[in-house]
Amino acid sequence: MDLLFVVDPLVSFKTYKDSTFAMMREAARRGHAIWACEPVTLQWRQGGQVQARVQRIALTGRTGEGGHDWFTVEEEAERALHGFDAVLMRKDPPFDPEYFYATHLLQQAEREGARVFNKPAALREHPEKLAILEFPQLIAPTLVTRDAQAIRAFHAEHRDVILKPLDGMGGMGIFRVPEHGLNLGAIIETLNRDGAQTVMVQRYLPAIAQGDKRVLVIAGEPVPFCLARIPQGGEVRGNLAAGGKGVAQPLTERDREIAQTLGPILAARGLLLVGLDVIGDRLTEINVTSPTCFQEITEQTGFDVASRFIDALEAALA
């Protein structure tokens, strides 16, 4: 099959830990052709189809921090997306206006016959911070607002809270305000920009000390191991990008319960791959844009996450 990955620049990949690279490697091992393009090259013109500047690449077997050493370009072309067997949207967050526009171009490609994973409409309908609001029985006490007084009242009620922007990634812009409330006003001003931006506030979960767990769900079924991202030093954030330590571990009964509750619902909406974030027994985020942690789980447990994913992709295309 011809598989097109819509990605950030290939030279930026950290292949020793990149989940998209793991997908490519497994697909290539099975004999599938690997193509790549960047969202910036997507275009549509009246009378034509959605197309992109694409590269067919071969993997060299080398891995590293980035650069050209891990792939070679075998062919470059302008091609319509519906001519590929599958299009995998793997552009990293943030979900900014350009990402939003890309989902509309990808949805037009679907109308023309392309098979896109995750479905573009589902990407738009499941913003990663706000998607949890549909499942209030699974989450910690949460407030979403632009109102500074509402945030102050929430802090007064719960005493120890986490504030975060709705468009952050990798732990960016996350603040903890414990009971003393020091700097709460400054943090609110920073995040909500005098009421111009919406903020999420959640009760602090002490279980973060045991890790912010990434639970992967593929075709509605949970991967049996998660990656607990454990804060280090004085950090409150467990995100690997913020210096957290990733420790793979079997799912708990509660992890599995959350995954099995959400999995079939999200899969039915066209989300082949989902990354659930769980702290303690509470769901904190639903990641759909470019879920990761494949390689860390595989290296530490021997469970081949990429193989499970390509199995699911092949089944969806059968």
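Restricted to region 192-234, and to residues there that are of a type in the set (A, V, I, L, M, F, W, C) and more than 24 Å from GLY280 (Cβ to Cβ), the residue that is nearest to the chain's Cα centre (by Cα) is ALA219. Among the residues of region 198-212, the ones that are within 14 Å of VAL236 (Cα to Cα) and part of a strand (DSSP E or B) come to 3 in all.
The numbered conditions (1) closer than 23 Å to ILE310 by Cβ; (2) surrounded by 15 or more Cβ atoms within 10 Å (Cβ to Cβ) are all true for THR72 except (2).
Counting the residues of region 184-207 that are surrounded by 22 or more Cβ atoms within 10 Å (Cβ to Cβ) and touching a residue at least 40 places away in the same chain (Cβ under 8 Å) gives 5. Of the residues making up region 20-63, those that are farther than 14 Å from LEU10 by Cα and aromatic (Phe, Trp, Tyr) number 1. In the list ARG193, ARG203, which residue meets the criterion of being among the basic types (Lys, Arg) and either within 25 Å of LYS17 (Cβ to Cβ) or at pLDDT 95 or above (or both)? Sole residue among the options that is among the basic types (Lys, Arg) and either within 25 Å of LYS17 (Cβ to Cβ) or at pLDDT 95 or above (or both): ARG203. Across region 133-177, the qualifying residues are those that are charged (D, E, K, R) and part of a helix (DSSP H, G or I), and the one among them that is nearest to ALA102 (Cα to Cα) is GLU134. Of the candidates PHE117, PHE100, the single residue that is in contact (Cβ under 8 Å) with a residue 60 or more places away in the chain, touching a helix residue (DSSP H, G or I) at 6+ places or on another chain (Cβ under 9 Å) and either farther than 28 Å from GLN46 by Cβ or assigned by TED's automatic domain parsing to the domain that holds ALA58 (or both) is PHE117. In this structure, is GLY302 surrounded by fewer than 15 Cβ atoms within 10 Å (Cβ to Cβ), on the phi > 0 side of the Ramachandran plot and more than 14 Å from the chain's Cα centre (by Cα)? Answer is yes for this residue.
When restricted to residues that are hydrophobic (A, V, I, L, M, F, W, C) and either touching a Cys at 6+ places or on another chain (Cβ under 9 Å) or farther than 17 Å from THR190 by Cβ (or both), region 155-168 contains 1. Every test in (1) among the polar types (S, T, N, Q); (2) closer than 21 Å to ALA102 by Cα; (3) touching a strand residue (DSSP E or B) at 6+ places or on another chain (Cβ under 8 Å) is passed by THR60 save one, and that test is (2). Here ASP255 meets each of (1) surrounded by fewer than 21 Cβ atoms within 10 Å (Cβ to Cβ); (2) closer than 21 Å to PHE309 by Cα; (3) of a type outside the set (A, V, I, L, M) with one exception, condition (1). Answer yes if at least one residue in region 27-47 is outside any strand (DSSP E or B), closer than 28 Å to HIS104 by Cα and of a type in the set (Gly, Ala, Ser), and no otherwise. Yes; the residues of region 27-47 include at least one that is outside any strand (DSSP E or B), closer than 28 Å to HIS104 by Cα and of a type in the set (Gly, Ala, Ser).
Whether a residue is within 21 Å of GLY171 (Cβ to Cβ), buried (at least 20 other Cβ atoms within 10 Å of the Cβ) and not basic (Lys, Arg) was assessed, and VAL223 does not pass this test.
Selection of region 111-132 for residues being part of a helix (DSSP H, G or I) and not β-branched (Val, Ile, Thr) yields ARG111, PRO120, ALA121, ALA122, LEU123, ARG124, GLU125, LEU130, ALA131.
The values are calculated or read from the model by the stated rules, or taken from the named source; none is laboratory data. If you're wondering where the values come from, they're calculated on a predicted model, not measured in any experiment. Heads up, the Cβs are rebuilt from the backbone with ideal geometry, glycines too, and the neighbour counts pull from every protein chain shown.
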